[in-house]
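Asks: Below you'll find the structure I mean.
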């Protein structure tokens, strides 16, 4: 029998017996079959122990490289200002230039990684960081330093993300949040104490250029590790739209202006420099326009309505509170010793204790989070912070690093306990809403850690400055040369210059100058004690609110429990 040409008219009819099956199989009606299930994600293949350890080491190196790049300048402003011919206030602009682009880039990097691939993202990110470190070698004045630090802030933004990814790469899915997350956050937090531990030796070797050479060396090691240890590939998707670019530029401008104000506002004082108000107005305008755009988009870059919901606002407030109480260590202890005239060389032992306590806290958190004890971890952390801050509030002008070992160890241990449970609970709530909410949650978390850290430092230093002025006025209002005790003290202080100054009036002037310095030092000690007491009060109030929240939730769950019927 001659086969009819396949014109498409007879499709759907039964083929005649003996007809070639290969040519007309599509014409045979087939009974409806169930839809094929979506391909399951590839099963996790555990890495050998040496390889898993290599990924963990790579994560630690990446975290330290990023942390040192951010903290080496902030911890050594007095030493750097001579190298670039600037004042202390002008040198602090380097910190602002670094943080201005850094605080917002996480928003763009997440979508860039999704669209262009994880491997390309990792390789190009570490290459950009190496280039920025090379440019540090050519810094010669303030202007060049500002430009290079701005580029370094851009290049360093992906480093913390890579540190997270490499740490999580080593663990099975059930251990990524319970073990990998605490270890990754602990590694990122080690940059500050390590920077203060190694910076005195680096400055002794070759000044600021020795610091930049060390940063370049760390970047090259990280560069080799990223290329030698590839991350598991992730599916790509086109997720970047035109309005995403516009919204990000507005948010980046607003966040950058806010970061500059928070870094420098206390130095130029908040109500005295006109440009501070201009930057704040610019920040409010840009963020408002970005919010209006996002609220009217079908697929927004950020879900503003979800971010403004009460649970997320509560979560944001908790994270900001944590950043405020942790500023007792990140800024309070170092600034107190600086006010007492101690250098980084003389306080290295404190940061060694902080480093060890932070590592111990991270390991403890990784062990405890396996059992779902997030709320208990936060209770213990707040108690430790309150105890440590209260111990520091009893400082005097004779306080030295050995007297704060226990208090700083308690606060460092507690600081490593706080963030992982908070991030885990927030991430789980975002996952329940859907994968589209993960980006919004990550932005909340990273923003509270970057801008929140700057806000905590600004509030802490502003409070200290205000209290120092109050205590200084209280101390000097009764000082008069007509007082015999004051005259005797001035004579004793001026007597140190009696061998080189014979004019009695000049000796009295020098004595008064030294007495004024002593009064200022005492005023700063009292101001820091007030700030430490404030941190203690905030930690205790937060502890009470947390306990009340736990009690309310438990009572609500008990009353909402379904009643089992007596009969069926």
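The values are calculated or read from the model by the stated rules, or taken from the named source; none is laboratory data. These figures come from a predicted structure and were not determined experimentally. Cβ: placed from backbone, ideal geometry, glycine included. Neighbour counts: every protein chain shown.
Asks: In region 203-220, which residues are touching a residue at least 60 places away in the same chain (Cβ under 8 Å) and either touching a helix residue (DSSP H, G or I) at 6+ places or on another chain (Cβ under 6 Å) or outside any helix (DSSP H, G or I) (or both)?
Replies: Residues of region 203-220 touching a residue at least 60 places away in the same chain (Cβ under 8 Å): 203, 207-209, 211-216, 218-220.
Hits for region 203-220 are 203, 207, 208, 211, 212, 214, 215, 216, 218, 219.
Asks: Then there's this: Could you tell me which of the residues 94, 62 is within 13 Å of residue 156 (Cβ to Cβ) and either at pLDDT 85 or above or assigned to a helix (DSSP H, G or I) (or both)?
Replies: 62
Asks: For region 159-171, check the following and say yes or no: at least one residue is over 19 Å from the mean Cα position of the chain (by Cα) and either part of a helix (DSSP H, G or I) or not assigned by TED's automatic domain parsing to the domain that holds residue 60 (or both).
Replies: Here is the first cut: in region 159-171, the ones over 19 Å from the mean Cα position of the chain (by Cα) are 169-171.
Next cut, either part of a helix (DSSP H, G or I) or not assigned by TED's automatic domain parsing to the domain that holds residue 60 (or both) only: 169.
Within region 159-171 (the criterion being over 19 Å from the mean Cα position of the chain (by Cα) and either part of a helix (DSSP H, G or I) or not assigned by TED's automatic domain parsing to the domain that holds residue 60 (or both)), the answer is yes, since at least one residue qualifies.
Asks: Please verify whether residue 317 is closer than 19 Å to residue 453 by Cβ, free of Cβ contacts under 8 Å to residues at least 24 places away in the same chain and surrounded by fewer than 20 Cβ atoms within 10 Å (Cβ to Cβ), treating the condition exactly as stated.
Replies: On the way: closer than 19 Å to residue 453 by Cβ: yes; free of Cβ contacts under 8 Å to residues at least 24 places away in the same chain: yes; surrounded by fewer than 20 Cβ atoms within 10 Å (Cβ to Cβ): yes.
Answer is yes for this residue.
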